[in-house]
Amino acid sequence: LLYLDNSATTPIHPEVKDAMLPFLLEEFGNPSSKYYDLAAYAKDAVKIARQNVAKLIDCRPDEIIFTSGSTESNNFIIKGITDQRKNKGKHIITTNIEHPSVLEVCKYLESIGFNLTVLEANQNGVITIEQFSNAVTPETIFASIQWGNNEIGSLNPIIEISKICIEHDIFLHSDATQVIGKRLISLDNLPGLSAISISAHKFFGPKGVGATFLRKDQYNLFPPITPLLHGGGQEEGLRSGTLAVHNIVGLGKASEIASQRQNKNIKKLNELEQHLIEILNSKFGTNIKYNHSSENKIPGIINVQFIGINNEILVKKLAPVIAVSTGSACSSSKPSHVLAAIGLSLNEIRQTIRISLSPYIEKEDLNIFNNL
Ligand code: PLP
């Protein structure tokens with residue numbers, strides 16, 4: 001099987017598995033316990049993992065809070081920061097191409113009294129700086145703007161938006177789930193971006209673990225940030241619960257590998273993407289139409305409409321040899337809100353598949369598309 005649904009999830013890298021195994025077996029200590037070696041070893045492992053995640057996105061290790069993944073990180077930041085800042089204003093901004101773990105949380109906040117602006121992405125799947133600027137009011141306290149899109153690979157102008165947020169004292173969060181390891185990120189150089197969300201399983205780590213980057217200058221403000229999980233006070237009191245050491249070690253190792261291979265992976269994904277597009281173009285010509293961004297995109301995400309062919313039938317037909325998807329995994333039973341947002345009709349959406357590549361396959365593997 002040629003697995004080409006890497007935006008849904010990726011397989012665990014063999015080195016990640018090897019790093020995790022001891023913590024599923026003999027190294028079972030609780031990193032919050034004291035005085036004996038088993039606990040100290042777990043604590044050290046968590047510390048190294050934290051350093052590796054921080055290195056990948058160029059921030060301080062004490063700005064990393066381990067979570068169960070991006071859904072939790074998105075919920076934590078959106079609910080926690082809006083609760084903290086609610087006395088300053090009630091207006092929040094997001095976009096119509098966010099993952100449901102952002103969009104649904106924002107809609108929930110609207111239902112309890114916040115004013116929500118949902119910016120509409122243009123045909124390229126991005127919101128513009130002007131759109132963002134125009135949406136800002138003196139009441140705006142928070143914005144959550146996706147960095148890169150999971151279905152069409154579009155990239156929002158986060159750097160420019162972060163500058164506007166500094167000017168207006170807006171807390172900016174970005175869902176970075178799909179760009180980690182596929183785009184060089186330096187949070188140290190982006191002071192206006194206060195939080196991002198990360199999921200390990202999107203870049204060859206395990207499922208059920210991720211991180212929130214939360215800028216250190218946000219920690220000791222008053223009132224304090226409201227945690228999603230109250231309890232024993234782990235993760236600086238912002239995310240209680242015994243740390244999932246094996247998973248955190250896996251996230252750390254995946255981050256270390258991503259740091260080392262990032263440039264190579266980006267180059268490879270671009271080459272693979274170009275190769276696949278050449279094959280598809282020569283085989284299907286005008287019977288296909290691409291929906292992914294044409295420039296400035298996440299490498300390796302191809303979104304393509306097969307004109308006149310039902311996508312579910314196509315994906316099922318391919319399934320024994322090639323794994324692709326009709327859209328994002330979490331909402332594959334509903335027509336894509338992202339494709340609708342960039343102007344596709346329901347009919348066009350139902351003819352569209354997403355192919356998401358891995359840097360660990362070879363060009364020759366893609367020749368299988370020639371034999372369809
Ligand atoms: N945000 C984006 C852009 C995603 O693609 C995903 C995963 O599908 C998530 C958030 C949620 O990640 P997780 O399911 O690991 O919590």
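Scanning the stretch 76-86 finds one or more residues that are without any contact (Cβ under 8 Å) to a residue 60 or more places away in the chain and assigned by TED's automatic domain parsing to the domain that holds residue 138.
Strands (runs of 3 or more DSSP E) wholly in the stretch 22-129 with at least 1 residues that are surrounded by 23 or more Cβ atoms within 10 Å (Cβ to Cβ) - which ones?
Working: elements: 64-67, 91-95, 115-119.
The strands (runs of 3 or more DSSP E) meeting that bar are 64-67, 91-95.
Just a yes or no: is a residue in the stretch 228-244 under 30 Å from residue 363 (Cα atoms), at pLDDT 95 or above, out of contact with any Cys (no Cβ under 9 Å at 6 or more places or on another chain) and of a type in the set (A, V, I, L, M, F, W, C)?
As a first pass, look at the stretch 228-244 and keep what is under 30 Å from residue 363 (Cα atoms): none.
No, the stretch 228-244 contains no residue that is under 30 Å from residue 363 (Cα atoms), at pLDDT 95 or above, out of contact with any Cys (no Cβ under 9 Å at 6 or more places or on another chain) and of a type in the set (A, V, I, L, M, F, W, C).
Could you grab me the full set of residues in the stretch 237-258 that are surrounded by fewer than 18 Cβ atoms within 10 Å (Cβ to Cβ) and either under 13 Å from residue 67 (Cβ atoms) or not assigned by TED's automatic domain parsing to the domain that holds residue 68 (or both)?
From the stretch 237-258, those surrounded by fewer than 18 Cβ atoms within 10 Å (Cβ to Cβ) are 237, 240-242; that's our starting set.
240, 241, listed by residue number.
Residue pairs whose Cβ atoms lie under 8 Å apart, sitting 6 or more positions apart in sequence or on different chains, and linking a residue in the stretch 51-72 that is more than 16 Å from the ligand (Cβ to nearest atom) to a partner that is among the hydroxyl-bearing types (Ser, Thr, Tyr), are 52/255; 52/259; 55/255; 55/259; 56/255; 56/259; 58/186; 64/212.
Here residue 210 passes the criteria (1) touching a Ser or Thr at 6+ places or on another chain (Cβ under 6 Å); (2) more than 29 Å from residue 3 (Cβ to Cβ); (3) not aliphatic (A, V, I, L, M) except the one numbered (2).
Hand me the list of strands (runs of 3 or more DSSP E) wholly inside the stretch 155-274 holding 1 or more residues that are away from the ligand (no atom under 16 Å from the Cβ) and on the phi < 0 side of the Ramachandran plot.
Of the strands (runs of 3 or more DSSP E) lying wholly inside the stretch 155-274, those with at least 1 residues that are away from the ligand (no atom under 16 Å from the Cβ) and on the phi < 0 side of the Ramachandran plot span 171-175, 210-214.
Scanning the stretch 73-85 for residues that are hydroxyl-bearing (Ser, Thr, Tyr) and within 16 Å of the ligand (Cβ to nearest atom) yields a count of 1.
Scanning the stretch 321-334 for residues that are surrounded by fewer than 19 Cβ atoms within 10 Å (Cβ to Cβ) and modelled with pLDDT under 95 yields 329, 330, 331, 332, 333, 334. When you look at residue 282, is it free of Cβ contacts under 8 Å to residues at least 24 places away in the same chain and either outside the structural domain of residue 149 (by TED's automatic domain parsing) or away from the ligand (no atom under 16 Å from the Cβ) (or both), yes or no? Yes; evaluated as a whole, the condition is true for this residue. Residues in the stretch 1-21 that are part of a helix (DSSP H, G or I) and away from the ligand (no atom under 16 Å from the Cβ): 14, 15, 17, 18, 19, 20, 21.
In the stretch 285-297, what residues are touching a Phe, Trp or Tyr at 6+ places or on another chain (Cβ under 9 Å) and buried (at least 16 other Cβ atoms within 10 Å of the Cβ)? Write out each step before concluding.
Step one: of the stretch 285-297, the residues touching a Phe, Trp or Tyr at 6+ places or on another chain (Cβ under 9 Å) are 287-289.
Answer for the stretch 285-297, where residues must be touching a Phe, Trp or Tyr at 6+ places or on another chain (Cβ under 9 Å) and buried (at least 16 other Cβ atoms within 10 Å of the Cβ): just 288.
The values are calculated or read from the model by the stated rules, or taken from the named source; none is laboratory data. The structure presented is a predicted model; accordingly, all values stated were derived computationally and were not measured. Heads up, the Cβs are rebuilt from the backbone with ideal geometry, glycines too, and the neighbour counts pull from every protein chain shown.
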